[in-house]
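Participant: Provided herewith is a single structure, encoded as structure tokens, for subsequent inquiry.
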Amino acid sequence: MFRTPQVILFSEDVTRTAEFYAGLGFAETFRVPTEGEPIHVDLVLDAYKIGIASVSSTRDDHGLDPVPHGQRAAVILWTDDTAAAYAELTANGVPALAAPHRWLDRLLIAWVADPDGNPIQIVQQI
């Protein structure tokens with residue numbers, strides 16, 4: 001019945017947020033409109049697909065009332081070196097939420113935030 005799931009994050013600045021995720025290695029696969037300021041951008045990393053939708057378009061076009069800021073959802077990114085990824089991101093101005101720490105004695109996890117405040121978990125198996 002269903003296929004090709006993805007998560008949509010709401011943003012007041014779709015371009016800024018899409019560029020942020022592109023900087024993490026996501027590749028843009030869809031944009032509306034194709035020129036000018038987008039109201040929606042889809043990006044993919046491996047088979048993980050996220051969309052960035054404008055708050056105003058979501059309200060105007062679909063009648064929803066999205067919350068544009070805060071910790072509404074989390075993006076999880078697996079890596080081979082959580083500490084190095086966290087250090088690089090925070091050195092480049094990405095807001096830190098939680099420094100690398102062990103969890104369940106088998107994972108090393110750190111948290112940063114995207115430009116809209118969504119938490120991003122950086123995780124590796126140890």
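Participant: Run lengths n ≥ 4 of DSSP H only: what is the helix-derived mean residue ellipticity at 222 nm for the chain, with -39500 (n - 2.57) per run over all residues, to the nearest 500?
Facilitator: -6500 deg cm²/dmol
Participant: Related question: Taking +1 at the Cβ of each Lys and Arg and -1 at the Cβ of each Asp and Glu, which of 89, 30, 63 sits farthest along the dipole of segment 23-92 towards its positive end, judged by Cα position relative to the Cα centre?
Facilitator: Most positive-ward Cα: 63.
Participant: Express the accessible area of the chain per residue in Å², computed with a 1.4 Å probe while the remaining protein chains stay in the model.
Facilitator: I get 59 Å² per residue for this part.
Participant: Within segment 5-32, what residues put their amide N at less than 14 Å from the label point 7 Å along the Cα-to-Cβ vector of residue 47?
Facilitator: Backbone N within reach: 5-6.
Participant: If I compute solvent accessible area with a 1.4 Å probe over the protein chains, what percent of it on the chain is carbon and sulfur?
Facilitator: The computed percentage sits at 54.
Participant: Now for a different question. Farthest toward the dipole's positive end in segment 1-120, which of 21, 78, 9, given Cβ charges of +1 (Lys, Arg) and -1 (Asp, Glu) about the Cα centre?
Facilitator: 78
Participant: Still on this structure, please answer the following. What does the accessible area of residue 20 come to, in Å² to the nearest 10, when a probe of 1.4 Å is used?
Facilitator: My reading of the accessible area for residue 20 is about 40 Å².
Participant: What does the C-alpha gyration tensor say about the overall shape of the chain? Classify as rounded when a/c is under 1.5, otherwise prolate if a/b is larger than b/c, or oblate.
Facilitator: Prolate.
Participant: For 62, 69, write out the residues from largest to smallest accessible area, computed with a 1.4 angstrom probe and no ligands counted.
Facilitator: 62, 69
Participant: Is the shape of segment 1-72 rounded, prolate or oblate, going by the alpha carbon gyration tensor and its root eigenvalues a ≥ b ≥ c, with a/c under 1.5 for rounded and a/b larger than b/c for prolate?
Facilitator: It is rounded, given that a/c, with a ≥ b ≥ c, falls under 1.5.
Participant: Using a/c under 1.5 as the rounded threshold, could you call segment 1-42 rounded, prolate or oblate? The axes a ≥ b ≥ c are square roots of the C-alpha gyration tensor eigenvalues, and prolate needs a/b larger than b/c, oblate otherwise.
Facilitator: prolate
Participant: Using the Cα centre of the chain as the reference point, and only Cβ charges (+1 on K/R, -1 on D/E), how large is the resulting charge dipole? Debye, rounded to the nearest 20.
Facilitator: 440 debye
The values are calculated or read from the model by the stated rules, or taken from the named source; none is laboratory data. Only a predicted model underlies this, so the values are computations on that prediction, with no experimental measurement involved. Cβ coordinates were reconstructed from backbone atoms using ideal geometry, including for glycine residues, and neighbour counts include every protein chain displayed. Please note that ligands, DNA and RNA were not included when accessible areas were found on the heavy atoms of the full protein model with its side chains. Shrake-Rupley method; radii C 1.70, N 1.55, O 1.52, S 1.80 Å.
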